[in-house]
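Before any comments, here is the structure.
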Amino acid sequence: PTLLTLLVPTLVPTVLGQVQPELDAHWELWKKTHGKEYKGQAEEGQRRLIWEKNLNYINSHNLEHARGHHSYQLAMNHLGDMVRGTRVGTGLQ
């Protein structure tokens, strides 16, 4: 096998923006907790990818916190399916 045939299976989910199925239950619970509903599968898919990216960032930050690199922890909230620019109207940063 060439290097390309070894890398493609690991890169395709990232490039295509596929969700992590192991987070399905966590995603459903988060949506229910925060009353989230979307206009269709396309919007939900986009929001899910953003949520997963934010969740990964939070987990990474909190791991660094546990190692003494930060003085505070982060947690997921109702804004977890938004990117920074979409939060402007909320008054939050």
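Read-outs: derived from the displayed coordinates by stated rules, not from any lab. These numbers were taken from a predicted model, which means no experiment stands behind them. FYI the Cβ positions are ideal-geometry reconstructions off the backbone, even for glycines, and counts take in every protein chain you see.
Each residue of region 58-69 in turn: what ³J(HN,Hα) in whole Hz from Karplus with 6.51, -1.76, 1.60 and θ = phi - 60°, glycine and Pro shown as x?
Ordered by residue, 3J(HN,Hα) equals 4, 4, 5, 4, 5, 5, 5, 4, 4, 8, x, 8 Hz.
In whole Hz, what ³J(HN,Hα) sequence does region 22-37 give by Karplus (6.51, -1.76, 1.60; θ = phi - 60°), x for Gly and Pro?
These are the phi-based 3J(HN,Hα) values: 5, 9, 3, 5, 5, 4, 4, 5, 4, 4, 5, 4, 9, x, 7, 9 Hz.
Fewest to most neighbouring Cβ within 10 Å: what's the order for Tyr72, Tyr38? Each step should come with its number before you reach the end.
Numbers: Tyr72 7, Tyr38 14.
So the ranking, lowest neighbour count to highest, is Tyr72, Tyr38.
Stretched out fully, how many nm does the piece from Tyr57 to His26 gain, at 0.36 nm a residue minus the Cα gap?
Difference between extended and current length: 9.6 nm.
Could you compute the FRET efficiency for Gln46 and His69, with r as their C-beta to C-beta distance and R0 at 25 Å, rounded to 0.05?
Once the sixth-power term is evaluated, E becomes 0.20.
If each residue of separation counts as 0.36 nm, what is the full-extension length gain between Asn77 and Thr33 once their alpha-carbon separation is subtracted?
Here the segment from Asn77 to Thr33 would lengthen by 14.9 nm.
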